[in-house]
1. Could you calculate the contour length gain from residue 66 to residue 27, that is, 0.36 nm times the residue separation minus the distance between their Cα atoms, to one decimal place in nm?
2. Roughly how large, in nm² to one decimal, is the mean projection of the convex hull of the alpha-carbon atoms in the range 103-159?
3. Residue separation times 0.36 nm, minus the C-alpha to C-alpha distance between residue 51 and residue 106: what's the value?
4. Counting other C-beta atoms within 10 Å, which of 43, 113, 156 has the fewest, and how do the rest follow?
5. When only alpha-carbon atoms are used, what values of Rg and Dmax, in angstrom, describe the range 28-158?
């Protein structure tokens, strides 16, 4: 009886120890801290961003983004959201331009987002993490709260 109990306990311990490994395999490559590289970024229209730091964290399939931004005209903002890549809308705080977003995973390194103010779509954004995990590119097309158009390609370096 005792050898059976020991074997059962060992099987349970081995099974439990593999759970974190399986969960880690699903970690989104965007997780981490990213710093804007203004020299590699393109600002076609809208305000020029001089500084932006994005910090992504993940719990299960839920991703949290904290974003600190400064523009050339001296405006600063702190944006926060927690979302799933399931196509459903999730609230965003701190942005004057949009108050919710929905995202979909396109592949292991790319996701696409729809930005909304209330129920109105005001823009779209795509984020891509390079295969080596060192560069994040965010392409966005949106109408700002002021009515101006903003089309940017932001390039970030992993910190």
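Just so you know, all these numbers are worked out from the coordinates, no wet-lab data involved. Everything numeric here is computed off the predicted structure, so don't read it as measured data. Because the Cβ atoms are built from the backbone with ideal geometry, glycine has one as well, and the counts that use them run over all protein chains shown.
1. On the way: separation 39, 0.36 × 39 = 14.04 nm, distance 1.74 nm.
Residue separation times 0.36 nm, minus the Cα-Cα distance, leaves 12.3 nm.
2. Working: hull surface 18.2 nm².
For the range 103-159, the mean projected area of the Cα convex hull comes to 4.5 nm².
3. Answer, rounded to one decimal: 17.1 nm.
4. Numbers: 43 16, 113 20, 156 23.
By the 10 Å Cβ count, ascending: 43, 113, 156.
5. Cα only, the range 28-158: 13.6, 38 Å (Rg, Dmax).
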